[in-house]
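Remarks on the structure that follows.
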Amino acid sequence: MSLLAVEDLTVTYPGGRRPAVKGVSLEIESGRTLAVVGESGSGKTTLALALAGLLDRRARRHASRLEINGEDLLAAGRRRWRQLRRTDISFIFQSPINSWNPTRTMIAQVRDAMSAAGHAGRMPELMDLLARVGFEDPERRLADLPHQLSGGMLQRVSIAVAVIIEPALLIADEPTSALDSTVQSEILAILGELRSEADLAMLIISHDLSVVARVADDVMVLYGGKVVEQGARAAVLGSAVHPYTRGLLDSVPRLDGDRKILLPSMEPGHLPASGCPFAPRCRLVVDDCRRVEPDLIPINDTLAACPPAASSALITT
Amino acid sequence: MTQGRYPEVTGPAPGLRFGAGRLARFAKGVVWLLVVVLVAVSITFALSRIVPADPARLAAGLEAGPEQVERVRQDMGLDDPVMVQYVRYITGLVRGDFGDSIRTRGPILDDVVEALPASIELIVVSFTIFAALGILAGAAWAYWPRGVHAVLLRVVAVAGSAVPVFWVGLLLQIFLAARPDWFPLVARLDFPVAGNLNHEAAGIAEVTGAGLLDALIARSPSAMWEAARVLFLPVMTIVIHNIALTIALTRSSLADQLDREYVRAARARGLSEWRVVVVDALRNALNPVVTMLGLQLGWLLGGVVIVEVIFSWPGIGLYAFSSFQSFDYNAIMAITVLATAGFVLVNALVGQIYPLLDPRIKEAR
Amino acid sequence: MTSLLELTGVDKTFVTDRGPVRAVRRMSMTIGEGEVVGLVGESGSGKSTIANLVLGLEQADGGRIRFRGRDVGEWLDDEEAGYRQAVQAVFQHPFQALDSRKRVGWLVAEPLVIHRRGNSRERGERVRELMADVHLDPSLVDRYPHQLSGGQAQRVNIARALALEPSLLVCDEPVSALDVSVQAQILNLLLEINRERSMAMLFISHSLPVVRHLSDRIVVMYAGTAVEEGPGGEVSDRPTHPYTQLLVSAASVITGDRGPGRGTMREAIPSEGCRFVPRCPVAIDRCSAEEPSLDELQEGHSSRCWLASDLSRRGVGG
Amino acid sequence: MTVAELPAAPEAASRTRKAGRGVMWWSVATVAVLAALVLIPGLLAPADPYKLDIINRFTPPNAGNLFGTDDSGRDILSRVIHGARYSIGSAVLIITVAALVGTIYGSLAAWYGGILDRLLMRTVDVFLAFPYLVFAMAVAASMGRGLTSTIVALSLLWWPSYARMIRGQVKSILNDYHIRAAITLGARRGQILRWHVIPHTYNQLLVRFTLDIGNALVALTGLAFLGLGATPPLPEWGRMVADSKQFALLAWWYAVFPGIVIFVTVLNFVLLGEALRKRSTS
């Protein structure tokens, strides 16, 4: 049974021209990692927040199913969500420096978090975990204020605090994009290690395909609030069919690529009010795309929301 | 590149020197206080010497002949060169001597000491009420931004700052003290005496001169009730006028903090709303509020004049007003100096609060 | 290749409230006419300070910066306009670099007005030309910056920089604030510009793949100084400094390789010896005692490491 | 990177924007009325504000005297209308002088920086440390009572806050990225200041100016209440309320109506200022 199961999740902000997240369905099993890929405006952060009950009060959420550990959470109140965040769901944010109160010492905030989760007595264990993830001399350094620690160190604390409560689900929203590339790979390695040890389900959100490549089992590509393609990591990264996914993959400069050639790049564009959100930028666009919102259909090894891609895939194979 | 080609635009700010320490900062503060007071003294002194009215004439009284006036002038040292007078005044100040009042004919310091408790009582009580209520109301407004209370608070915040304080005082007097005589119209009429409460009538001893405090010391509930009734209208006048800014600033500052990512992150860690909103966000939001409250407390030292005049509150403000009315320039100078020093001191104290609210600030200004 | 920009032994120290910070230490590098040099390093490595020094926004404490053989500081003092026309810049934050109260047309024309090029009709003509050069829709002239997308805003910045036809373009992280799909467009545009106008560029980025894609030569910076320098392909394919090797392995390719494991996380930078020692997997005793110099291993490929020749033979991950 | 993913709520925003625009138009209209009072009181006032009529003193509000009459039988409404010139006119004058002096002073400090900046701003700090009411009393006492000396006193005390605000603003604008961009384009000092710095101060300056006219009005009438300011028989608003004090129990309208006019006027400037602030930040 899936640890997290979501069906047809839609989140709307009052006055938004289109929903921030529209009709997203996903499942994650324990011990597996789902990566959600998307650029700014894709609705990926909204999705993550919705799954932790952290949406803004003005946001409206609809879904036909929302279950964690088999528990139906469609009607869960704020109290229940808070309880869940103390025991079952952990969240890691993008900016390590912004996820801690700048005016209180780290140790005070870490203690707050531990006692909120009912683990006040496990501080020594947390220190051990911190030391294990490469945070030297945690007792002393945690007495500092957040701005006195580097981004990499702060993110290690965030991860340690998130993991020590032994959650069933770990949601990480761009956990490395504010960090330097060498630090980034260390953080990813730590996340991967802790995940497989604790056998928890992980949802990682990123705009960076190299991050996805490194940690994901399954990949889901979001554009304009809609899932445009999803599948196993190898399939999405290796043989994606949706023009947006392809475009993303192609437009990343690679170390082993050709030097000083033009990268295949996508047209700039906006989000249309109706039809396929990607239509204005798409090279496969046909009239239907502007009228009908395409559904996910199996094409080759993945599910993709692109009928024209399906027909061209048939032709090429 | 030569110096000064461009405005100072780039690079981190030139650093604050290290190891200055508490003592050095304290010394700096004292020097600053002295400088400000000296400037204030000098300006008011210069002004007082171009007063169109002749102090000697006033001091001698209207019936005095020219010879008498001349003698008074000599007694007061007003015929000396201005610089001599200035130096004499400053040396007097250093010894704590503000000179004599023309009006009451006693040393000004005595008058001031007598009037001070009543003013301090008024200021402290009003300040505590509007600061506490304002922060509370502003915080509630920021946390629950919609609803009837939000509309109400907006009205208070906008109207409160627009309403002239003397007019509020008059209206309160007309509609709460005169028609239904729920409250005493004015504090007491047998001015000048120390204290704002008729201690004799209330049957308690006069210890500090501040009615409420004396009633507390005497443990007399009836006197406390009387003291509170006396205080009510003037305090309300000050609160109505000052609470608006506190509410508005607390609200915008807290709303800003509640939008920050760390608040969401704290919620994500399962912290209770109380911890997130009060321990984390509100504490951070108080920084600009404290700055403003410090300034307001400073202004109150001067602003209390109007309220004291309306309610005949026998404090330093009323004393200043009476001195001004009778061109008692020595008294006016003394009050200017004291109020300025008070303002600087209050703000120095406020400077000590910043590091408590935000430990990133080492060097408090 | 004649050298256009030359930095020799440049030093820059900032005084901060936590004591002095040496942002740049004895940094030397050159850029030839029409050459694209990529400067790569992590945050705090001093790479942006280099940009500011070249642009005269900061003053070096020591060493020399020469442009066309002439000291930049001197040049700025005597004839600033001349230097500004020759050296232009594109910054990291596309929106912040544009005055929010001015329209696109005004912004693109600004350099022409400053340097008194043409009358207003000719300038209008030139603005249209420039916007076409950076593939901006001419109908955007009346927009304010906040009405643009990130990619469009960065194009406006590039158009402004091109207006004076400079011979060197300093690009300080020009794509790191942009989405991946937009990033490719801007990289392509810069590549076109380099090709069509043979404009030299100092291209600064924290991303090795991005730098490698665009650059003829790569300079790797660590803790304020260059640790490796060489032709683009050489540095990324056969890195000889352990830091470069770390960068290469961190920039793992998409094909599914899980990348490197984690090293120990030490961030302190020692004040003597090789600055990289605390993070170096191969450091020997000599490294902590004595800082290596930037030595040439092969034609045009140098490395600041005692073990460089061994490491170059063993290759990445050796 | 993808920081601004949460879309603002455009609908709610547009609702408040509409309300804001309503407030703004209302305020602008009121300001126009006030301007008329200041410029042509003679055409608007029903009676002569100075004409004594002892027999009809303390007439409560009626059809002939909408606001009633005062202790000398003068028509309060007419006095209020004529008083606008003295009250609002003085407030505008004070703030204009303060804003002008403060802006120049603050820009100089920010632009040159260094020792000059420190020196200039220390002076400002000294001025800001004076408790204004007491200080104004001292000034007025020495210059003699009257509207002029109060205007001088308040202008003297008001400019430092502008100097501080403008200095802070210019400083922060000079640190903006777009200034670096302008420098690298080769823009000269004057051009940077003219094109890229000063226009960015307009919004806040305008907001502050509007709010401060209200504040100055409160300060001015407060001083007038203490007998510092307009001398009788000038129909200045604060003076009128002050004069009414001793008759407060006898003729409530004497205190109430001029007070309401002051309140509404100040409120109006506050609302206009807030509306302008909202417009400039959205």
Need a quick list: helices (runs of 4 or more DSSP H) entirely within region D:120-228 having at least 1 residues that are in contact with a Ser or Thr (Cβ under 6 Å, 6 or more places away or on another chain).
D:132-143, D:147-174, D:198-225
Hey, does region A:127-143 have a residue that's touching a strand residue (DSSP E or B) at 6+ places or on another chain (Cβ under 9 Å) and buried (at least 23 other Cβ atoms within 10 Å of the Cβ)?
no
So is A:Thr46 of a type in the set (S, T, N, Q) and in contact with a helix residue (DSSP H, G or I) (Cβ under 7 Å, 6 or more places away or on another chain) or not?
no
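This table checks each residue for (1) of a type outside the set (A, V, I, L, M); (2) within 14 Å of chain A (Cβ to nearest Cβ); (3) out of contact with any helix residue (DSSP H, G or I) (no Cβ under 9 Å at 6 or more places or on another chain).
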site: B:Val239; (1), (2), (3): no, no, no
site: B:Asn242; (1), (2), (3): yes, no, no
site: B:Ala248; (1), (2), (3): no, no, no
site: B:Ala255; (1), (2), (3): no, yes, no
site: B:Ala268; (1), (2), (3): no, yes, no
site: B:Ser272; (1), (2), (3): yes, yes, no
site: B:Val278; (1), (2), (3): no, yes, no
site: B:Ala281; (1), (2), (3): no, yes, no
Scan the helices (runs of 4 or more DSSP H) fully inside region B:70-187 and keep the ones with 2 or more residues being over 25 Å from the mean Cα position of the chain (by Cα) and of a type in the set (Ser, Thr, Tyr).
B:82-94
Output yes when any residue across region A:218-241 is closer than 17 Å to A:Gly41 by Cβ, touching a residue at least 12 places away in the same chain (Cβ under 8 Å), in a loop (DSSP other than H, G, I, E, B) and open to solvent by 40 Å² or more (accessible area, probe 1.4 Å), and no when none is.
no
Condition check for C:Ser309: among the hydroxyl-bearing types (Ser, Thr, Tyr) and at pLDDT 85 or above
no
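From the set of residues in region D:140-164 that are at pLDDT below 75 and in contact with a Leu (Cβ under 7 Å, 6 or more places away or on another chain), which is surrounded by the most Cβ atoms within 10 Å (Cβ to Cβ)? Steps first, answer last, please.
Narrowing region D:140-164 to residues at pLDDT below 75: D:140-145.
The next check asks that each one be in contact with a Leu (Cβ under 7 Å, 6 or more places away or on another chain); those that pass are D:140, D:142, D:145.
On the way: D:Ala140: 24, D:Ser142: 22, D:Arg145: 17.
Per the stated criteria, the residue is D:Ala140.
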Of these, D:Leu271, D:Leu250, D:Leu220, which one is away from chain C (no Cβ under 14 Å), in contact with a helix residue (DSSP H, G or I) (Cβ under 7 Å, 6 or more places away or on another chain) and surrounded by fewer than 23 Cβ atoms within 10 Å (Cβ to Cβ)?
D:Leu271
Report, by residue number, each residue of region B:149-169 that is more than 26 Å from B:Arg260 (Cα to Cα) and out of contact with any Gly (no Cβ under 7 Å at 6 or more places or on another chain).
B:Leu152, B:Val155, B:Val156, B:Val158, B:Ala159, B:Gly160, B:Ser161, B:Val163, B:Val168, B:Gly169
Here are some conditions: (1) over 27 Å from B:Phe166 (Cβ atoms); (2) assigned to a helix (DSSP H, G or I); (3) more than 14 Å from the chain's Cα centre (by Cα). B:Pro359 meets all but one. Which one does it not meet?
(2)
When region C:196-221 is examined, which residues are found to be within 19 Å of C:Leu130 (Cα to Cα) and either at the interface with another protein chain (Cβ under 8 Å from one of its Cβ atoms) or touching a residue at least 24 places away in the same chain (Cβ under 8 Å) (or both)?
C:Arg197, C:Ser198, C:Met199, C:Ala200, C:Met201
Options B:Tyr319, B:Tyr262; residue that is without any contact (Cβ under 8 Å) to a residue 24 or more places away in the chain, among the aromatic types (Phe, Trp, Tyr) and either in contact with an Asp or Glu (Cβ under 7 Å, 6 or more places away or on another chain) or more than 10 Å from chain D (Cβ to nearest Cβ) (or both):
B:Tyr262
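Yes/no matrix, rows are residues, columns are (1) at the interface with another protein chain (Cβ under 8 Å from one of its Cβ atoms); (2) open to solvent by less than 10 Å² (accessible area, probe 1.4 Å); (3) touching a residue at least 12 places away in the same chain (Cβ under 8 Å); (4) farther than 24 Å from D:Val92 by Cβ:
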residue	(1), (2), (3), (4)
D:Gln169	no, no, yes, no
D:Asn175	yes, no, no, yes
D:Gln191	yes, no, no, yes
D:His200	yes, no, yes, yes
D:Phe209	no, no, yes, no
Quick one: how many residues across region D:253-268 are crowded, with 23+ Cβ neighbours inside 10 Å and farther than 16 Å from D:Phe67 by Cβ?
2
Would you confirm, using the coordinates I've provided, whether C:Met199 is under 16 Å from the mean Cα position of the chain (by Cα) and open to solvent by less than 10 Å² (accessible area, probe 1.4 Å)?
yes
Filter region A:277-307 down to the residues that are touching a residue at least 40 places away in the same chain (Cβ under 8 Å), more than 14 Å from every other protein chain (Cβ to nearest Cβ) and within 20 Å of A:Gly23 (Cβ to Cβ) and list them by number.
A:Glu293, A:Leu296, A:Ile299, A:Thr302, A:Leu303, A:Ala304, A:Ala305, A:Cys306
Show the residue pairs meeting these rules: Cβ distance below 6 Å; 6+ apart or different chains; first residue within region C:5-23 and more than 13 Å from chain B (Cβ to nearest Cβ); second residue loosely packed, with under 15 Cβ neighbours inside 10 Å and small (Gly, Ala, Ser).
C:Asp11/C:Gly62
Does C:Arg155 satisfy the criteria of being of a type in the set (Lys, Arg), in contact with a helix residue (DSSP H, G or I) (Cβ under 9 Å, 6 or more places away or on another chain) and either more than 28 Å from C:Leu4 (Cα to Cα) or within 14 Å of chain A (Cβ to nearest Cβ) (or both)?
yes
Restricting to region A:3-32, count the residues that are touching a residue at least 60 places away in the same chain (Cβ under 8 Å) and either more than 14 Å from every other protein chain (Cβ to nearest Cβ) or closer than 14 Å to A:Ala168 by Cβ (or both).
13
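Select from region D:223-242 the residues that are more than 10 Å from chain B (Cβ to nearest Cβ) and either hydrophobic (A, V, I, L, M, F, W, C) or buried (at least 20 other Cβ atoms within 10 Å of the Cβ) (or both) and list them in ascending order.
Within region D:223-242, D:Gly229, D:Ala230, D:Leu234, D:Pro235, D:Glu236, D:Arg239, D:Met240 qualify.
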Report, by residue number, each residue of region C:69-89 that is outside any helix (DSSP H, G or I), more than 9 Å from chain D (Cβ to nearest Cβ) and either on the phi > 0 side of the Ramachandran plot or open to solvent by less than 60 Å² (accessible area, probe 1.4 Å) (or both).
C:Gly69, C:Asp71
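The values are calculated or read from the model by the stated rules, or taken from the named source; none is laboratory data. Given the structure is predicted, the values throughout are model-derived calculations rather than measurements. Please note: Cβ atoms are built from the backbone with ideal geometry, for glycine as well, and neighbour counts cover all protein chains shown. The accessibility values were calculated without ligands, DNA or RNA, using every heavy atom of the protein model including side chains. Shrake-Rupley method; radii C 1.70, N 1.55, O 1.52, S 1.80 Å.
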